[in-house]
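*Asks:* Dropping the structure in here first, questions after.
The values are calculated or read from the model by the stated rules, or taken from the named source; none is laboratory data. Note that this is a predicted model, so its numbers are computed, not measured. Ideal geometry is used to build each Cβ from the backbone, glycine not excepted, and the neighbour counts take in all protein chains shown.
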Amino acid sequence: MAEEKGKRSDEFQDMLPVMADKLGGEGLIRELCNGFRLLMDRDKGVITFESLKKNSALLGLQDLRDDELVSMIREGDTGGDGALDQMEFCMLMFRLSPDLMRESEAWLEHALQQELRR
């Protein structure tokens, strides 16, 4: 079972760079925002443990234990409020995809070089 979870995680990590290539930067951000809205607590406007647990089955993550869900929230919760706002969620998704982080660094470097040439 743990192996299956690891496999799903690897597949997810591999999908972000593919999505970025296919959708472009703006399209990827739009899809991440859609994912955030899918997981968030509609009343609070953030992803809470409860909303993540309730909605994680929509992403095929129904087998995750409560402590794993709590860890996911803690890992991305830079504000310390026990929930993920949209920016924290997007930053977490980028951090969880090393390939996408490398691509993002290359995009940033290219943009900086272009700006410096002006």
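*Asks:* Restricted to the range 47-76, and to residues that are assigned to a helix (DSSP H, G or I) and of a type in the set (D, E), which residue is farthest from L96 (Cα to Cα)?
*Replies:* Here the answer is E50.
*Asks:* Could you tell me how many of the residues in the range 73-106 are surrounded by 13 or more Cβ atoms within 10 Å (Cβ to Cβ) and either of a type in the set (F, W, Y) or at pLDDT below 90 (or both)?
*Replies:* The total comes to 13.
Listed here are the residues, each with its yes/no results for (1) surrounded by fewer than 13 Cβ atoms within 10 Å (Cβ to Cβ); (2) modelled with pLDDT of 80 or more.
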{"residue": "E3", "(1), (2)": "yes, no"}
{"residue": "S9", "(1), (2)": "yes, no"}
{"residue": "F12", "(1), (2)": "no, no"}
{"residue": "L23", "(1), (2)": "no, no"}
{"residue": "L32", "(1), (2)": "no, yes"}
{"residue": "L52", "(1), (2)": "no, yes"}
{"residue": "L61", "(1), (2)": "no, no"}
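*Asks:* Looking at (1) at pLDDT below 95; (2) among the charged types (D, E, K, R); (3) in contact with a Ser or Thr (Cβ under 7 Å, 6 or more places away or on another chain); (4) over 22 Å from P17 (Cα atoms), which is the one condition that is false for D41?
*Replies:* Of (1) at pLDDT below 95; (2) among the charged types (D, E, K, R); (3) in contact with a Ser or Thr (Cβ under 7 Å, 6 or more places away or on another chain); (4) over 22 Å from P17 (Cα atoms), only one is false for D41: (1).
*Asks:* Let me ask another. Do you know which of the residues in the range 34-50 that are in contact with a strand residue (DSSP E or B) (Cβ under 8 Å, 6 or more places away or on another chain) and surrounded by fewer than 17 Cβ atoms within 10 Å (Cβ to Cβ) is nearest to E88 (Cα to Cα)?
*Replies:* First, pick out the residues of the range 34-50 that are in contact with a strand residue (DSSP E or B) (Cβ under 8 Å, 6 or more places away or on another chain): 36, 39-41, 46-48, 50.
Now restrict to residues that are surrounded by fewer than 17 Cβ atoms within 10 Å (Cβ to Cβ): 41, 50.
Details: D41: 15, E50: 17 Å.
Among those that are in contact with a strand residue (DSSP E or B) (Cβ under 8 Å, 6 or more places away or on another chain) and surrounded by fewer than 17 Cβ atoms within 10 Å (Cβ to Cβ), it is D41.
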